[in-house]
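First the structure, in the form of structure tokens, and then the observations on it.
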Amino acid sequence: MDHRNEPASLADLESGLRFGHLLISINRHMSREAAALAQSLATLLTEKGIINREELEPQVQAHREQNQGDPQVMLSKAPDKYQCPEQVIIDCASRVPLCRAACCSFRFFLAPQDLDESIVRWDYGNPYWVRQQENGYCYHWNPDGMTCRIHANRPYPCRVYDCRQDKRIWVDFEGRVPNPDLQAGR
Ligand code: SF4
Ligand code: SF4
């Protein structure tokens, strides 16, 4: 039985919100504790002449950049995908033997609209990035024919993406010359 179109009950919603709020409050408490400890340490070490504030800042910045790849919840602010005006029309069917539909191996995160529909699957380990298969392609990508299984409901980025100038895919779009790395397989 397909439950995808059943609306969530109020109890489901409340339970989900409680869980989210609990996590937020735990995280906020832990962040405050960590920040208080770090600030106290920095003050103490500076007062004792062990560290120099000017030397500390580049280190802090370096760690900020290092942590940028850490998993975090990402949600797109894309507008209504069904009202999307900028859809790009490309002759994909005749090109997939060349491009291998590489656009469907790019990662992007979903919008609340996608989550509400419960059709596009997201990556549980990296909410709310689109889920991928082991081969790196989107979960909804069909290797037979290299097509999208959920074309009518595909997310906003799939509708507006334009591969024509993307050098990861085409050396020459008009000349139908794909990036040689694509032919080498992934
Ligand atoms: S890379 Fe371009 S031509 Fe190939 S499937 Fe994607 S949009 Fe179509
Ligand atoms: S949803 Fe469809 S069009 Fe979008 S990346 Fe996945 S397979 Fe490709």
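The values are calculated or read from the model by the stated rules, or taken from the named source; none is laboratory data. Please read all numbers here as calculations on a predicted model, not as lab measurements. Note: ideal-geometry Cβ built from the backbone for every residue, glycine included; neighbour counts use all protein chains shown. What goes into the accessible areas is simple: the full protein's heavy atoms, side chains included, and nothing from ligands, DNA or RNA. Shrake-Rupley method; radii C 1.70, N 1.55, O 1.52, S 1.80 Å.
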Starting from region 85-99, keep only residues that are assigned by TED's automatic domain parsing to the domain that holds Phe173 and within 13 Å of Met146 (Cβ to Cβ), then list their pairs with residues that are within 7 Å of ligand 1 (Cβ to nearest atom) and β-branched (Val, Ile, Thr) whose Cβ atoms are within a distance under 7 Å, requiring at least 6 positions of separation or different chains.
-> Cys99/Ile169
Hits in region 23-53 (condition: among the charged types (D, E, K, R) and either in a helix (DSSP H, G or I) or within 29 Å of Gln72 (Cα to Cα) (or both)) = Arg28, Arg32, Glu33, Glu47, Arg53
Would you say Asn153 is more than 9 Å from ligand 1 (Cβ to nearest atom) and in contact with a Lys or Arg (Cβ under 7 Å, 6 or more places away or on another chain)?
-> no
Tabulated pairs, region 20-42, first among the aliphatic types (A, V, I, L, M), second assigned to a helix (DSSP H, G or I), C-beta under 7 angstrom, 6+ apart or interchain | Ala42/Leu56
Starting from region 129-149, take each residue that is closer than 12 Å to Phe106 by Cα and list its partners that are among the charged types (D, E, K, R) and open to solvent by less than 50 Å² (accessible area, probe 1.4 Å), counting only C-beta distances under 9 angstrom and pairs at least six apart or across chains.
-> Trp129/Asp123; Val130/Asp114; Val130/Asp123; Arg131/Asp123; Gln132/Asp123; Cys138/Arg131; Tyr139/Asp123; Tyr139/Arg131
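Please tell me if Asp114 is acidic (Asp, Glu), touching a residue at least 40 places away in the same chain (Cβ under 8 Å) and open to solvent by less than 50 Å² (accessible area, probe 1.4 Å).
It is true that Asp114 is acidic (Asp, Glu), touching a residue at least 40 places away in the same chain (Cβ under 8 Å) and open to solvent by less than 50 Å² (accessible area, probe 1.4 Å).
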Considering (1) open to solvent by 70 Å² or more (accessible area, probe 1.4 Å); (2) within 16 Å of ligand 1 (Cβ to nearest atom); (3) under 29 Å from Asn27 (Cα atoms), say which one Gln59 fails and leave the rest.
-> (2)
Conditions (1) within 16 Å of ligand 1 (Cβ to nearest atom); (2) of a type in the set (A, V, I, L, M); (3) touching a Lys or Arg at 6+ places or on another chain (Cβ under 9 Å): number failed by Ala93 | (3)
